[in-house]
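Encoded as structure tokens, the structure appears first; notes follow it.
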Amino acid sequence: FANTGTLDIDSYGGGDGGSNVTFGGTLLNNKGTVNIGNSGLAVATTVKTTYLSNAGNLTIQGNTSPTAARATLAVSSVAQAAVTNFIRVGGDATLSFGAGTGFTSIANGGWLEMDSAQASVVASGGGQNSGLSGLFANAGTLLLRGNSNFGSGGVTLTTTSGLTNSGLFEVDSYGGDGASSVTIGGGLVNEGTFNLGNGGLSAASNVKATNLYNYAGQINVSGGNGDIGTLTFTGAALNDAGVYVGAGGDIAVAGGYTQYGGVTTINGTLSASAYTQDGGSTTVNGALSAASVNVRGGGTSGNFFVYNSALTSSSVTKSVTLAASGYLTFNAAVSSSQTVTFEDASDTMFLGDAAGFAGLIKGFTDGDAIDLVNTAATNLTYASGVLDVFNGATQIAALHLSGAYTQANFSLVTDSRGGMEILDPLTAHH
């Protein structure tokens, strides 16, 4: 059966349902539209065919209530390996293939959408979404929506290998979506856009993979209404592009998180065994939970690490290290339980809240600088490991240092930006 127009089978709501259609050969949807079932399906609808060739738009929509009435397209042979056009399976609905492994990729221009816990692509008599277990590449659009207007409950998907995304991969990214759970059998390689969660999340959403390789794409993770969107990696994560953790979002990395370039913005939570910045910029407005933070790479190239949230005694991070012209900014208070280490003679620490900095400073030497951002200072004194900084008679900071210093090791110079720098008298102006 060749369709170049519109084929509707029980597609109208308010009572349609119960039809059984069998095509003796191939259902060829050549730039046409095929709609099977509807969100208010009254009785199960089943369409059978030997082979499916979809070069148009295919929608299989069952009742939005679980087990109420299922819409089924049953293909007795194998699937096309790649999704090349539009396929949406929503509500209590199934697209099944009698042989093979199902879909393994989504081509550029292809669209695969799964809506609800009951929506499923099945291969060779397997379980829920077994026809997507071999999915390893997305160059088009992969859209997974739980608790949407097309069906209740979250989408569950487990793949047997890693997934490379060079297109658009979205999980519960529309307002009100939620409850989906995705497990990727290997690493997530992102060269496109990956969106998890939304500000109106209806239930917690989760995506898990072994490692992250974000080379040229954008990753956005968020949550809302008290429900969290969580992206978990059992290994390490590498970012060389863009990562945004919004409010209610959480990225949990069992290994280390390394930023080679690009931008990481944390408005929610990011946790890792260690956080290393070799390039690019990091801004922490929420919570970064890492036992150690290592900032390498000069701010002259735009490589800045900025804390806009406080580091308290209860913060996981206790040690921050600067190296290789590392630039680090604290715009909020830092407790006495924190240690900042200058590893070489080329690092700069910016203090936007100099009075609130109580951490211990180690390794400060010729070539390093402590910049008091937008803060006037006229003189300083050093004794017993404490560098007191004054503006006239008013004390503006008390910096604690570990090491053998005398007052001769410190001087004040203007930073030409409305603040002052603390450095060695012999050090050239930064």
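The values are calculated or read from the model by the stated rules, or taken from the named source; none is laboratory data. Worth saying up front: this structure is predicted, and the values here are computed from it rather than measured. Cβ atoms come from the backbone with ideal geometry, glycine included; neighbour counts cover every protein chain shown. All accessible areas refer to the heavy atoms of the entire protein, side chains included, with ligands and DNA or RNA removed. Shrake-Rupley method; radii C 1.70, N 1.55, O 1.52, S 1.80 Å.
Has region 189-204 got any residue that is open to solvent by 10 Å² or more (accessible area, probe 1.4 Å), of a type in the set (Val, Ile, Thr) and part of a loop (DSSP other than H, G, I, E, B)?
no
Which one of these is open to solvent by 30 Å² or more (accessible area, probe 1.4 Å) and either out of contact with any Asp or Glu (no Cβ under 9 Å at 6 or more places or on another chain) or not polar (S, T, N, Q) (or both): ALA137, ALA79, ALA117?
Exactly one residue qualifies, and that residue is ALA117.
Residue by residue through region 238-265, note down the ones that are within 22 Å of ASP172 (Cα to Cα) and outside any loop (DSSP other than H, G, I, E, B).
Those that are within 22 Å of ASP172 (Cα to Cα) and outside any loop (DSSP other than H, G, I, E, B): GLY242, VAL243, TYR244, VAL245, GLY249, ASP250, ILE251, ALA252, VAL253, THR264, THR265.
How many residues does region 51-76 hold that are hydroxyl-bearing (Ser, Thr, Tyr), open to solvent by 60 Å² or more (accessible area, probe 1.4 Å) and without any contact (Cβ under 8 Å) to a residue 40 or more places away in the chain?
The qualifying residues number 2.
Pairs please, first residue from region 26-45 and under 22 Å from ASP92 (Cα atoms), second anywhere and of a type in the set (Lys, Arg) and crowded, with 17+ Cβ neighbours inside 10 Å, Cβ atoms under 9 Å, 6+ apart in sequence or on different chains.
GLY37/ARG70; LEU41/ARG70; ALA44/ARG70; THR45/ARG70
Test LYS48 against the criterion of being out of contact with any Asp or Glu (no Cβ under 8 Å at 6 or more places or on another chain), over 27 Å from PHE169 (Cα atoms) and basic (Lys, Arg), and give yes or no.
yes
Quick one: would you say ASN35 is open to solvent by 10 Å² or more (accessible area, probe 1.4 Å), closer than 26 Å to ALA82 by Cα and modelled with pLDDT under 95?
Taking the combined requirement at face value, the residue does not satisfy it.
For region 382-393, indicate whether the set of residues that are at positive phi and among the hydroxyl-bearing types (Ser, Thr, Tyr) is non-empty.
yes
Only one of (1) in contact with a Leu (Cβ under 7 Å, 6 or more places away or on another chain); (2) more than 20 Å from THR84 (Cβ to Cβ) fails for GLY185. Which number is that?
Failing condition for GLY185: (1).
Please pick out the residue among VAL340, VAL389 that is without any contact (Cβ under 8 Å) to a residue 40 or more places away in the chain and in contact with a Leu (Cβ under 6 Å, 6 or more places away or on another chain).
Within the list VAL340, VAL389, the selection yields VAL389.
Give me the strands (runs of 3 or more DSSP E) completely within region 18-81, filtered to those with at least 1 residues that are under 23 Å from PHE136 (Cα atoms), ordered by residue number.
Result: 51-54, 57-61, 71-75.
To keep it simple, each residue is scored yes or no on (1) open to solvent by 20 Å² or more (accessible area, probe 1.4 Å); (2) within 29 Å of GLY256 (Cα to Cα); (3) at pLDDT 95 or above; (4) under 33 Å from the mean Cα position of the chain (by Cα).
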| residue | (1), (2), (3), (4) |
| --- | --- |
| SER319 | yes, yes, no, yes |
| GLY352 | yes, yes, yes, yes |
| GLY359 | no, yes, yes, yes |
| LEU387 | no, no, yes, no |
| PHE390 | yes, no, yes, no |
| LEU399 | no, no, yes, no |
| ASP415 | no, no, no, no |
| GLY419 | no, no, no, no |
